1. Mind counting the residues in the range 489-512 that are in a helix (DSSP H, G or I) and either under 21 Å from Pro405 (Cα atoms) or of a type in the set (A, V, I, L, M) (or both)?
2. Quick one: would you say Ile59 is β-branched (Val, Ile, Thr), surrounded by fewer than 19 Cβ atoms within 10 Å (Cβ to Cβ) and in a helix (DSSP H, G or I)?
3. Quick check: anything in the range 596-608 within 21 Å of Ser493 (Cβ to Cβ), among the β-branched types (Val, Ile, Thr) and in a helix (DSSP H, G or I)?
4. Looking only at residues that are in a loop (DSSP other than H, G, I, E, B) and either in contact with a strand residue (DSSP E or B) (Cβ under 7 Å, 6 or more places away or on another chain) or small (Gly, Ala, Ser) (or both) in the range 541-595, which one is nearest to Ser513 (Cα to Cα)?
5. Does Ala668 fit the bill of being in a helix (DSSP H, G or I), modelled with pLDDT under 95, out of contact with any strand residue (DSSP E or B) (no Cβ under 8 Å at 6 or more places or on another chain) and surrounded by fewer than 16 Cβ atoms within 10 Å (Cβ to Cβ)?
6. Does any residue in the range 374-403 that is loosely packed, with under 14 Cβ neighbours inside 10 Å and of a type in the set (A, V, I, L, M) come within less than 6 Å, Cβ to Cβ, of a residue that is at pLDDT below 85 and not in a helix (DSSP H, G or I) six or more places away or on a different chain, and which pairs are these?
7. Say whether the condition of being of a type outside the set (Lys, Arg), in contact with a Gly (Cβ under 6 Å, 6 or more places away or on another chain) and either part of a loop (DSSP other than H, G, I, E, B) or surrounded by 14 or more Cβ atoms within 10 Å (Cβ to Cβ) (or both) is met by at least one residue in the range 75-87.
Amino acid sequence: MPHTNPLLQHWQLPPWSAIRAEHLLPAVEHIVADNLLVIENVIATQVDHPNWDDVVIAIDEADARLDETLAIIEFLSISHADEPQWLMQEALSTHAAQRYKTAKAGNRQLLQVYQRLAQSSIAASFSAARKASLVKVLRRFHLAGSELSSAQRKDLARLNGEIDLLEKRFMSNLKSVNAAWSKDIDDAALLAGLPPETQAHLAANARKAGLPGWRLTLNQNTYQQVMKRAQHRALREEYFKAWCTRASDQGPHAGRFDNGPVLQTLLAARHAKARLLGFDNFAHLRLHNRMATGTDQVGRFLRQQIALNVLSLAGETDDLQALAREHRVEQIQAWDHDLLAEQLRLKQSGGADQDLRQFFPLDTTLHSLCRFSEHMFGISISENSRQEHFHDNVRLLEISEHDQPIGFIYIDPFHHEAGTDFAWTGVLRNRRINAEGRPALPIATLHCNFTAAATGHPDLLGHDDLRVLLHEFGHCLHHVLTRSPHYNLSGISHLSRDAAELVGQLFEQWALSGQFLRWLGTHHQTGERLSEAQASAAFSTTDVQRSRDTAMLSLSALVDFELHRCNGDGRTVQQVVEDVQSEFPGLHIPAYCRFANSCDYLVTGYEASLYAYKWSGVLASEAFKRFEREGLFNEQTGRDLREHLLSGDRQSLPAALQAFLGKPIDSALFPAPAD
């Protein structure tokens, strides 16, 4: 099949429509066999006098071919989630690839070739980027346990297998409980306050189930709308309890899909892996390539952020209490907070933030965002409608410079039933230059997770949607604008979490600027521009009742970090959660809540890293100050941003940010490392 299998053909953009379930496993097995031959040849020919092209580039090309194939399979699996044959072939393919990657990571002969190259006389004259690339390769071998004894490597392999299975079980339980719960509604009065587009979405859920009326399901977008808008208090309470007890020993499916034991065992396995590799705990392991220098520094940073938020949280709570009394609510419950906060925003803005949506239709906003990026970074962005996509709603952007393509971005705006329940950026290909000097162009995918408007209605973006779009678009530009020729330096998936999130959060800062939104906003019916008065009215409530959201992010980050730092101290997962919650007395979280059980960040690559959102957020605010001083549309500032923070991982995050700022990072922003 190799001569006909589309996954084995050379492609600039994936041949989406040609790929079938029967292509998956044969393609992966063929690539694995080729890669084993490459490794065998490297070991045979490069032991005595290794060189860059025949070692690093040869292995990078082999790694890239497999990773790109697996990425295609992963993206297509969203569209084929209801096809058992596809899912079986995907599982077999992933297993075959993982077996190969595990064997490669433990190949001591291959490690010795890299070590000899790093220690050779020619390596002394390598560029800083080449040296950084080699350091990453050697670090990866170390973290894979290649320097451990045979018995220790067996233990590590067992732990890695256990961790992988537990992470899959965690997500399977979460998906199962999300699918198991629904609430059918036949009384329109229960939907009072919900926007028409949300009601239309719930009606579509009911029709899909063959029912009249409306159906509530457990997905993030619907949950946010119900908590913010639904006036029926009992409905909000029921929905809140179903949401915050998912996959736990509480709530409507108590014990049925319980992730409590899964998470406890998973944390123990991660801790054992970290100890085996010479780290104090899993949180310590995750800091090996971060700006933070130790777990104590991260803990102090998070508590510093908590302390900065205490007074504003208390003040906002008092404001909510006053509004609650107007609505004859004597005691605010957890399911009242979002509704009351939203009503307070509407009251203070006169409804201006709701009117804001009319000025941000998705298509027009995306077009303007592309024009802004062209202006700031000296690139051209055009929509490519000739190429096929992996879904009907997906659009393809081609990024060019000097009339030559330099990368591609797929835009996938809407939520997929089988997809994730959050916005994210994916990677299909990293930029790299092969031994012949030919580039492979980077490809990123932007998944917004927006709820599509009902037929005949425009897709309009609220302010939070704008922040999501800008955040993820920033990630995509970060990926495709790299100039690094090195496979393991050029992609955002190879960056540390704090470095990757910095750019996304920096792009969010434009969404918090009235000047920028006035430029961006165009009414979807009249074409009129957003006025200064309208923007000012909407932005008058930008920070109203945001302290609770800030506190919840800090809570999640601290729970995540403490679970991975303190494993083995005798406390259960829930006891750690409750101890952390005690540091947030103003949140009043019900005792039955089990949010760790449904926190997918714990199993999707963010484990012990959620703190990076807060950390990089502080850095992003500092970086944006330069735009505020020099102009939000200043081309030179944009070019400098591209040069220092988007062009590739050639220097550390502090060094890159300092180069962009033109001064050292303010030491007061972060607690000093422990002595």
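1. Filtering the range 489-512 down to residues in a helix (DSSP H, G or I) leaves 489-490, 492-494, 497-511.
Now restrict to residues that are either under 21 Å from Pro405 (Cα atoms) or of a type in the set (A, V, I, L, M) (or both): 489-490, 492, 499-500, 502-503, 506, 511.
Number of matching residues: 9.
2. Numbers: β-branched (Val, Ile, Thr): yes; surrounded by fewer than 19 Cβ atoms within 10 Å (Cβ to Cβ): no; in a helix (DSSP H, G or I): yes.
No; evaluated as a whole, the condition is false for this residue.
3. yes
4. Residues of the range 541-595 that are in a loop (DSSP other than H, G, I, E, B), as a first pass: 541-546, 566-572, 582-584, 588-594.
Adding the requirement that they be either in contact with a strand residue (DSSP E or B) (Cβ under 7 Å, 6 or more places away or on another chain) or small (Gly, Ala, Ser) (or both) leaves 568, 570, 582, 591.
Working: Gly568: 46, Gly570: 47, Ser582: 35, Ala591: 39 Å.
Checking each candidate, the answer is Ser582.
5. yes
6. Within 6 Å, no pair qualifies.
7. Taking the range 75-87 and keeping what is of a type outside the set (Lys, Arg), we get 75-87.
Now narrow it down to the ones that are in contact with a Gly (Cβ under 6 Å, 6 or more places away or on another chain): 78.
Subset that is either part of a loop (DSSP other than H, G, I, E, B) or surrounded by 14 or more Cβ atoms within 10 Å (Cβ to Cβ) (or both): 78.
There is at least one residue in the range 75-87 that is of a type outside the set (Lys, Arg), in contact with a Gly (Cβ under 6 Å, 6 or more places away or on another chain) and either part of a loop (DSSP other than H, G, I, E, B) or surrounded by 14 or more Cβ atoms within 10 Å (Cβ to Cβ) (or both).
For every residue, the table says whether it meets (1) touching a Gly at 6+ places or on another chain (Cβ under 9 Å); (2) loosely packed, with under 15 Cβ neighbours inside 10 Å; (3) within 18 Å of Lys104 (Cβ to Cβ); (4) at pLDDT below 95.
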| residue | (1), (2), (3), (4) |
| --- | --- |
| Tyr114 | no, no, yes, no |
| Lys131 | no, yes, no, yes |
| Ser149 | no, yes, no, yes |
| Lys154 | no, yes, yes, yes |
| Ile163 | no, no, no, no |
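The values are calculated or read from the model by the stated rules, or taken from the named source; none is laboratory data. Please read these numbers as outputs of a predicted model, since none were measured by experiment. Virtual Cβ from ideal backbone geometry, glycine too; neighbours counted across all protein chains shown.
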